[in-house]
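Chemist: This is the structure I have questions about; it appears just below.
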Amino acid sequence: MSDHELRVALLGCGNVGSEVARLLTEQASDLAARIGTSVRLAGVAVRRPNRHRTIPAELLTTDAAALVESDVDLVVEVIGGIEPARTLLLAALRSGKSVVTANKALLAEHAGELFAAADATGADLYFEAAVAGAIPLLRPLRESLAGDRINSVLGIVNGTTNFILSAMDETGSGYAEALEEASRLGYAEADPTADVDGYDAASKAAILASLAFHTRVTAADVHREGISAVTAADVAAARALGRTIKLLAICERVADPDGSESVAVRVHPAMIPRGHPLAAVGGAFNAVFVEADAAGQLMFYGQGAGGAPTASAVLGDLVAVARNRLVGGRGPGESAYAALPVRPISRASTRYHLSLDVADRPGVLASVAAVFAEHDVSIAAVRQEGRSGDASLVIVTHSAPDAALRSTVDKIAGLPAVREVVSVMRVEGEDL
Ligand code: NAP
């Protein structure tokens, strides 16, 4: 074992950081044996030191920048958000210190800048915990599948929205009621915007797409729709079709007619068949499917958040960067050589489910079908149920460009025979 101990600066000591500190301390001897040298917590940067009674007082500081500048070898960042995390990590990497971070928002916006700083000094930048908590997912994409060609990454990467949608499906409750329940049980933050509006999932999708397709994808490149517009009627319509609604992150390699390739990355709620493996992912769990040329289909499943599960991923990275440092080596840097263009959602094709309340009289179905034909959107299945003057019309389309579908729905909503467009929802999974 080397006699040079590695000194760790921990930036942030909240849900994740406190668990990182605990594991680093409790498992110190095992970690030392696995790494080949001991790792020691040299300091913990927080905002409010008096709130961190489990951390020895002499380790606590409110000056994160000074801690990064001090004589530390590794920097673990679990503060979150863009600043001051960005400035702190750039300073660490520029001075050759290896970085482990769980910060999806930062990676999804500033990966290029951070990797450039890491490349300049040969430092490591690891971020397994930034996507899907405890689930080993980024390392398989970055390393295990580095010899394969990945075609798609699709999954449930946000536990809060999955909890809410699962509750709506199980109880028939509306969105507001299910969100309240999630907040009460601690599954939703006081300000749930980042989760329910899909920002968190979009950041994760950007990170996944960047690794899978060797292309720099930022959160701004991701088409994002949250779950706040999902109604009890949408959930009931899905149930009637043997489907359930999940918020999906979908990263795809798509071929253009001229043979060139692009990348489509989107986050939105979608109906999936109840028999689909993702339909069984309930509560706060995450699951991600990866499809690659040679490997075929792979599924990753586990706890996508929480202090201890996320700290497990942070500690895994910490062991990796510590080992690299000990042998004077380095893990993989950014791989963005493919630089594929990102396709806008208006050109992305998906299937849709529409549920309409219409007048129950002859010719209505024909008038609705004519609007679909006019916009070149082909219908896969139709179901009509009449009830005293009104009828409910359910239509599922074949794959159609998003823009064509939007104009179809707008025009249908204006037809005299259409009383209400009850539900419009994307459909993923096998054909109906
Ligand atoms: P958190 O509970 O809010 O903790 C944030 C910590 O950062 C707190 O200890 C806070 O100090 C400290 N902090 C904030 N501003 C600071 C500053 N300017 N200087 C020094 N310290 C500062 O957050 P978390 O849930 O642990 O999440 C941390 C990171 O992990 C985020 O990037 C998040 O996206 C990621 N992540 C979290 C989870 C999860 O389940 N929580 C899962 C995956 C990834 P005080 O405690 O003194 O206020």
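Chemist: On the Cα set of the range 117-191, report Rg and Dmax in Å, please.
Modeler: 18.0, 55
Chemist: Would you list which lysines come within 22 Å of Lys104, measuring only between C-alpha atoms, while excluding same-chain residues fewer than 8 positions from it?
Modeler: Lys204, Lys246
Chemist: Given the range 6-119, what percent of its DSSP beta bridges are antiparallel, to the nearest 5? Walk me through the numbers before you get to the answer.
Modeler: Values: 0 of 16 bridges.
Roughly 0 percent of the DSSP beta bridges within the range 6-119 come out antiparallel.
Chemist: Under a point-charge model restricted to the Cβ atoms of Lys and Arg (+1) and Asp and Glu (-1), what is the dipole moment magnitude of the chain relative to its Cα centre, in debye to the nearest 20? Before the final figure, lay out the partial values.
Modeler: On the way: 38 positive and 52 negative charges, 55 e Å.
Computed charge dipole of the chain: roughly 260 debye.
Chemist: Now, a different point. Please list log₁₀ I(q)/I(0) at q = 0.08 Å⁻¹ for the chain, using the Debye equation with identical point scatterers on the alpha-carbon positions.
Modeler: Scattering profile of the chain, log10 relative to I(0): -0.50.
Chemist: Using Cα positions and a limit of under 14 Å, work out the aspartates and glutamates in reach of Lys411, with same-chain residues fewer than 8 apart set aside.
Modeler: Cα-Cα hits under 14 Å: Glu374, Asp376, Glu420.
Chemist: Shifting gears a bit: Starting from the Kirkwood Rh over alpha-carbon pairs, what translational D in µm² s⁻¹ does the range 346-427 have by Stokes-Einstein at 37 °C and 0.692 mPa s?
Modeler: Working: Rh = 12.5 Å.
Roughly 262 µm²/s, to the nearest whole number.
Chemist: Right, next: Suppose every K and R has +1 on its Cβ and every D and E has -1 on its Cβ; what is the size of the dipole of the range 3-116 about the Cα centre, in Debye to the nearest 20? Mind dumping the intermediate values first?
Modeler: Values: 12 positive and 14 negative charges, 67 e Å.
Roughly 320 debye for the range 3-116.
Chemist: On to the next question. Pulled fully out, how much extra length does the chain show between Ala66 and Ser144, if you take 0.36 nm times their separation in residues and subtract their Cα-Cα distance?
Modeler: Numbers: separation 78, 0.36 × 78 = 28.08 nm, distance 3.68 nm.
Gain in length upon complete extension: 24.4 nm.
Chemist: Next question. Among Gly363, Gly259, Gly386, whose mean-square fluctuation peaks in a Gaussian network model of the chain (Cα, cutoff 10 Å)?
Modeler: Taking springs between Cα atoms under 10 Å, the residue moving most is Gly259.
Chemist: Please give me the summed charge of the neighbours of Ala338: other residues whose Cβ is under 15 Å from its Cβ, Lys and Arg +1, Asp and Glu -1. Present the calculation step by step, with values, prior to reporting the outcome.
Modeler: Details: positive: Arg142, Arg149, Arg216, Arg253, Arg343; negative: Asp148, Asp221, Glu252, Asp256, Glu261, Asp293, Glu334.
That sum, taken over residues with Cβ under 15 Å, equals -2.
Chemist: Given an 8 Å cut-off on Cα distances and at least 6 residues of separation, report the relative contact order of the range 346-427 as a percent. Provide the component values of the computation, followed by the final result.
Modeler: Details: 158 pairs, mean separation 40.2, N = 82.
RCO, the range 346-427: 49 percent.
Chemist: Considering amide H positions built from the backbone, and no H for Pro or chain starts, which residues 5 or more places from Val254, or on another chain, come under 5 Å of its amide H?
Modeler: Here Ser262, Val263, Ala264 satisfy the definition.
Chemist: When only C-alpha pairs under 8 Å and at least 6 residues apart count, what is the relative contact order of the range 54-100, in percent?
Modeler: 40
Chemist: Around Val99, which amide H atoms from residues at least 5 apart in sequence, or from another chain, sit under 5 Å from its own amide H, with H modelled in the peptide plane?
Modeler: Result for Val99 returns Val75, Asp124, Leu125, Tyr126.
Chemist: Go through the range 276-284 residue by residue and turn each phi into a ³J(HN,Hα) via Karplus (6.51, -1.76, 1.60, θ = phi - 60°); whole Hz please, and just put x for glycine and proline.
Modeler: 5, x, 6, 5, 7, 7, x, x, 8
Chemist: Connecting C-alpha atoms closer than 10 Å in a GNM of the chain, tell me which of Pro56, Pro84, Pro332 has the biggest fluctuation.
Modeler: Maximum fluctuation in the GNM of the chain, among the listed residues, is at Pro56.
Chemist: Tell me what the chain gives for mean residue ellipticity at 222 nm when only DSSP H runs of n ≥ 4 count, each as -39,500 (n - 2.57), the sum divided by the residue total, rounded to 500 deg cm²/dmol.
Modeler: Working: 13 runs with 148 residues, N = 432.
After summing the helix terms and dividing by residue count, I get -10500 deg cm²/dmol.
Chemist: If you take every residue apart from Gly329 with its C-beta less than 12 Å away from the C-beta of Gly329, what net charge results, scoring Lys and Arg +1 and Asp and Glu -1? Could the numbers behind the result be given before it?
Modeler: Numbers: positive: Arg323, Arg325, Arg330; negative: Asp124.
Net local charge, Gly329 excluded: +2.
Chemist: For the range 138-303, what is the charge dipole size about the Cα centre, in debye to the nearest 20, if Lys and Arg each add +1 at the Cβ and Asp and Glu each add -1 at the Cβ?
Modeler: Working: 13 positive and 21 negative charges, 68 e Å.
Using Cβ point charges on Lys, Arg, Asp and Glu, the range 138-303 gives about 320 debye.
Chemist: Rounded to the nearest 0.05, what FRET efficiency do Ala339 and Thr54 have when you use their Cβ-Cβ distance and R0 = 51 Å?
Modeler: Efficiency for this residue pair is about 0.65.
Chemist: Test of understanding: ordering His353, His223, His398 by Cβ neighbours within 10 Å, fewest first, what list do you get?
Modeler: Working: His353 24, His223 20, His398 14.
With the sparsest Cβ surroundings first, the list reads His398, His223, His353.
Chemist: Which length gain, in nm to one decimal place, applies between Asp191 and Asn15 when the Cα-Cα distance is subtracted from 0.36 nm times their residue separation? Walk me through the numbers before you get to the answer.
Modeler: Values: separation 176, 0.36 × 176 = 63.36 nm, distance 1.63 nm.
Length gained between Asp191 and Asn15: 61.7 nm.
Chemist: Here's a follow-up. Return the single residue from Ala130, Ala190, Ala205 with maximal mean-square fluctuation; model: Gaussian network over the chain, springs between Cα atoms under 10 Å.
Modeler: Ala190
Chemist: Taking only C-alpha pairs under 8 Å that are 6+ residues apart, what is the relative contact order of the chain in percent?
Modeler: 16
Chemist: May I pose another question? Given R₀ = 60 Å, FRET efficiency for Leu415-Ala116 by Cβ-Cβ distance, to 0.05?
Modeler: Details: r = 54 Å, r/R0 = 0.90.
After rounding to 0.05, the efficiency reads 0.65.
Chemist: Taking the convex hull of the Cα atoms, report for the range 138-303 its projected area averaged over all directions, in nm².
Modeler: Values: hull surface 40.8 nm².
One quarter of the hull surface, i.e. the mean projection, equals 10.2 nm².
Chemist: Restricting to bridges with both residues inside the chain, how much of the DSSP beta-bridge set is antiparallel, in percent to the nearest 5?
Modeler: Details: 56 of 79 bridges.
For the chain, the DSSP antiparallel bridge percentage is about 70.
Rule-based calculations on the coordinates, nothing more; no lab input. As the structure is a prediction and not an experimental result, all values here were calculated from the model. Using ideal geometry, Cβ is built from the backbone for each residue, glycine included, and neighbour counts are taken over all protein chains shown.
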